[in-house]
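A.B. asks: One structure, as structure tokens, below. Some questions next.
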Amino acid sequence: MSDKILEIKNLNTFYGPIQALRDVSLDVEQGEIVTLIGANGAGKSTLLMSIFGNPRAASGEILYKGTNLVNIPTHKIAKLGVAQVPEGRRVFSGMTVEENLLMGATPIGMSHADEDIKRIYEFFPRLLERRNQRAVTMSGGEQQMLAIGRALMARPKVLLLDEPSMGLAPQMIANIFRIITEINKTGVTILLVEQNAQQALQRAHRAYILETGNVTKEAKASDLLNDPAVREAYLGTGAH
């Protein structure tokens, strides 16, 4: 039996007449952190959103544990065990931290909510301190923690993370990536889109490079981290 929990085969996605993904194929094995790197507009976020059904893929397959997600409604995808932390966090600003977290349990029901919220507070002690605070009053880093915590409340097997470090201070970025590694160690498989290629490649097991909607390279993350062409294009450093 394959260890692949997520397989994407020949995926094509459009925004109106504009093709954003072109025959994209990749896979993610159970327990991995796999990262997608590429320039702005390469299709990385579109790929994550297509997995979650918005936008819908025009053709190709998105197999989660062998089930094709392409025509399954988003709320049912969440119930199956896939959760997304969207770019820009998108927390419910008028709700408290705890209310946001409870919203995250909606796809699977509330029977485990009390138990799971305690686990989230262990991952994110800052959220426990802020639990009665409205989300809008929190810093960007705290909101990112909340967005990740909210997604974990649905007990996902696969977590889709879209630009978790965007707009954060360096110390908070390091903290977020440390937490991502800890989450992965609990058995959650992670597909990560991240502009901070250095951090992403240091944490990931494997990586794919997307360029204008195409996968152009796939390798161990450590190999790409040391590839002079990749360093020059995405890490801002040439060969040394």
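A.B. asks: Among the helices (runs of 4 or more DSSP H) confined wholly to the stretch 94-197, which include 2 or more residues that are of a type in the set (S, T, N, Q)?
C.D. replies: On the way: elements: 97-104, 113-123, 125-129, 140-152, 170-185.
Of the helices (runs of 4 or more DSSP H) lying wholly inside the stretch 94-197, those with at least 2 residues that are of a type in the set (S, T, N, Q) span 140-152, 170-185.
A.B. asks: Can you find a residue in the stretch 80-98 that is open to solvent by less than 20 Å² (accessible area, probe 1.4 Å), at positive phi and not acidic (Asp, Glu)?
C.D. replies: yes
A.B. asks: If you don't mind, there's one more thing I want to ask. Return the residues of the stretch 198-227 that are farther than 25 Å from residue 62 by Cα and either touching a His at 6+ places or on another chain (Cβ under 7 Å) or part of a loop (DSSP other than H, G, I, E, B) (or both); say none if nothing qualifies.
C.D. replies: Answer for the stretch 198-227, where residues must be farther than 25 Å from residue 62 by Cα and either touching a His at 6+ places or on another chain (Cβ under 7 Å) or part of a loop (DSSP other than H, G, I, E, B) (or both): 226, 227.
A.B. asks: Would you please list the contacts, defined by Cβ atoms under 7 Å and residues six or more apart or on different chains, that run from a residue in the stretch 182-207 that is under 18 Å from residue 148 (Cβ atoms) and open to solvent by less than 30 Å² (accessible area, probe 1.4 Å) to a residue that is in a helix (DSSP H, G or I) and small (Gly, Ala, Ser)?
C.D. replies: Correct list of pairs: 192/200; 193/45; 194/200; 204/221.
Conditions tested, residue by residue: (1) crowded, with 18+ Cβ neighbours inside 10 Å; (2) at pLDDT 95 or above.
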| residue | (1), (2) |
| --- | --- |
| 128 | no, yes |
| 142 | yes, no |
| 161 | yes, yes |
| 178 | no, no |
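A.B. asks: Failed condition for residue 9, given (1) at positive phi; (2) of a type in the set (Lys, Arg); (3) modelled with pLDDT of 95 or more, with all others met?
C.D. replies: The failed condition is (1).
A.B. asks: Now for a different question. If you go through the stretch 10-42, how many residues are outside any loop (DSSP other than H, G, I, E, B) and open to solvent by less than 80 Å² (accessible area, probe 1.4 Å)? Lay out the reasoning, then the answer.
C.D. replies: So the first thing to find is which residues in the stretch 10-42 are outside any loop (DSSP other than H, G, I, E, B), and the list is 10-15, 18-29, 33-37.
Now restrict to residues that are open to solvent by less than 80 Å² (accessible area, probe 1.4 Å): 11-13, 19-21, 24-29, 33-37.
Qualifying residue count, the stretch 10-42: 17.
A.B. asks: Here is a further query. Out of all the residues in the stretch 218-234, which are closer than 18 Å to residue 205 by Cβ and among the aliphatic types (A, V, I, L, M)?
C.D. replies: Here is the first cut: in the stretch 218-234, the ones closer than 18 Å to residue 205 by Cβ are 218-227, 230, 234.
If the condition is that a residue be closer than 18 Å to residue 205 by Cβ and among the aliphatic types (A, V, I, L, M), then 219, 221, 224, 225, 230 are the ones that fit.
The values are calculated or read from the model by the stated rules, or taken from the named source; none is laboratory data. Remember, it's a predicted structure, so these values are computed and weren't measured experimentally. Virtual Cβ from ideal backbone geometry, glycine too; neighbours counted across all protein chains shown. For the accessible areas, the whole protein counts, side chains as well, though only heavy atoms, and no ligand, DNA or RNA atoms are used. Shrake-Rupley method; radii C 1.70, N 1.55, O 1.52, S 1.80 Å.
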